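Worksheet: one structure, shown below.
Values in this text are rule-based calculations from the coordinates and carry no lab data. Because the structure is a prediction, the values reported are computed rather than measured. Cβ coordinates were reconstructed from backbone atoms using ideal geometry, including for glycine residues, and neighbour counts include every protein chain displayed.
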Ligand SMILES: Cc1ncc(COP(=O)(O)O)c(C=O)c1O
């Protein structure tokens, strides 16, 4: 435990395990109670307990928001019903005519939200390989107000230099937004490198058990807090008390899960790389990954996500059918290992030409490595590969 300005600063494992408050002060409850109340009694006219209506604030959600803000080294945290709800509220900070540079390789649902909805309302987006800093620089326009990155990117595991992009956009008075879903605050804290806003699909590593949806924004700027709170309150995508509690409970084991996922991922990535039916493996933990040094300079780990190309597209349906421990399903970051086919699942909303230029083709599979025994996961993949002709 460190001390800063006379205040205790818990390490990230302690923070995750114990949350912002350590215990509930009124009753001493060690598990934050689920305040399943939509509304709260006012003590008198113009008086409030601090809680009026749960769309606006709820004690269970507040504990989660504070915990996430601390874990992300931010001052403010906002919890949403889903990751998409959080991203949508961030875009509300901008106005029609504003231009945002976006990683070309990112979750397909984010692409769909921007192109099918916000473009219709006059927002402008360009899709750039943000792991190539010169491409980001070249993409800046007079009306550019933000850079939105996923790093590592989904699914190609490209890494964007948060520090350099932050300096670039700050010179223009704009913001950098980082989707930190893949590494979680256990492995990466983008605010430390100049990011203005962090977003998460809390559905993934934070909640961690494939049992609930949630989303977050974390930041440390007074000028952003009021508009973001207003968007959360006005749009009604705030996280429910029960899902806030599930996410808080998931976060308690974040450190253990992230380590185990990463250990397994490292072994599986090496095993896949040696497999004769595999063409290429994308994992940021490989020392020959093009942005390995950058990863080491801005992250404390590599996470549990792996993408790989099989040599033949004919192997894809065979593998998906024959894995039995690893489940063919769309999501990531849970204790259970999942395999995803981005072409038809997570990235189906992205037009073919853009998808192919980002590398999402009919030979690409994505693995979210869970916390099971690594040997069992490898045996499962091995058995499935043996079914390929
Ligand atoms: C990187 C990333 N960001 C955001 C989202 C959206 O999150 P949610 O599904 O919780 O709305 C996802 C969903 O898969 C994701 O993978």
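Sort through 236, 208, 215 and tell me the only one that's out of contact with any strand residue (DSSP E or B) (no Cβ under 6 Å at 6 or more places or on another chain) and either within 15 Å of residue 90 (Cα to Cα) or more than 14 Å from the ligand (Cβ to nearest atom) (or both).
Numbers: 208 fails: either within 15 Å of residue 90 (Cα to Cα) or more than 14 Å from the ligand (Cβ to nearest atom) (or both); 215 fails: out of contact with any strand residue (DSSP E or B) (no Cβ under 6 Å at 6 or more places or on another chain).
Selected residue: 236, the only one of 236, 208, 215 that is out of contact with any strand residue (DSSP E or B) (no Cβ under 6 Å at 6 or more places or on another chain) and either within 15 Å of residue 90 (Cα to Cα) or more than 14 Å from the ligand (Cβ to nearest atom) (or both).
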**Request:** Those residues that are assigned to a loop (DSSP other than H, G, I, E, B), more than 14 Å from the chain's Cα centre (by Cα) and within 16 Å of the ligand (Cβ to nearest atom), I need them from segment 160-195; list them, please.
**Result:** 160, 195
**Item:** Tally, over segment 313-347, of residues that are surrounded by fewer than 15 Cβ atoms within 10 Å (Cβ to Cβ) and out of contact with any strand residue (DSSP E or B) (no Cβ under 9 Å at 6 or more places or on another chain)
**Value:** 5
**Message:** So residue 145 ticks every box in (1) touching a residue at least 12 places away in the same chain (Cβ under 8 Å); (2) assigned to a loop (DSSP other than H, G, I, E, B); (3) away from the ligand (no atom under 16 Å from the Cβ) but one. Which box is left unticked?
**Reply:** (2)
**Request:** State all residues of segment 34-69 that are within 30 Å of residue 187 (Cβ to Cβ) and in contact with a strand residue (DSSP E or B) (Cβ under 8 Å, 6 or more places away or on another chain); if no residue qualifies, say none.
**Result:** 58, 61, 64, 65, 66, 67, 68, 69
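Are any residues in segment 338-358 within 16 Å of the ligand (Cβ to nearest atom) and part of a loop (DSSP other than H, G, I, E, B), and if so, which ones? Lay out the reasoning, then the answer.
If we filter segment 338-358 for residues that are within 16 Å of the ligand (Cβ to nearest atom), which is where we start, we get 338-350, 355, 358.
Correct list: 341, 342, 343, 344, 345, 346, 347, 348, 349, 350.
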**Prompt:** Is at least one residue of segment 26-33 in contact with a strand residue (DSSP E or B) (Cβ under 6 Å, 6 or more places away or on another chain) and over 23 Å from residue 201 (Cβ atoms)?
**Reply:** no
**Request:** Looking at (1) farther than 30 Å from residue 331 by Cβ; (2) without any contact (Cβ under 8 Å) to a residue 24 or more places away in the chain, find the lone condition where residue 169 falls short.
**Result:** (2)
**Asked** Name the pairs: first residue in segment 221-244 and farther than 10 Å from residue 55 by Cβ, second residue part of a helix (DSSP H, G or I), Cβ to Cβ under 7 Å, at least 6 apart or on different chains?
**Response** 228/89; 231/89; 239/61; 241/60; 241/61; 244/60; 244/61; 244/64
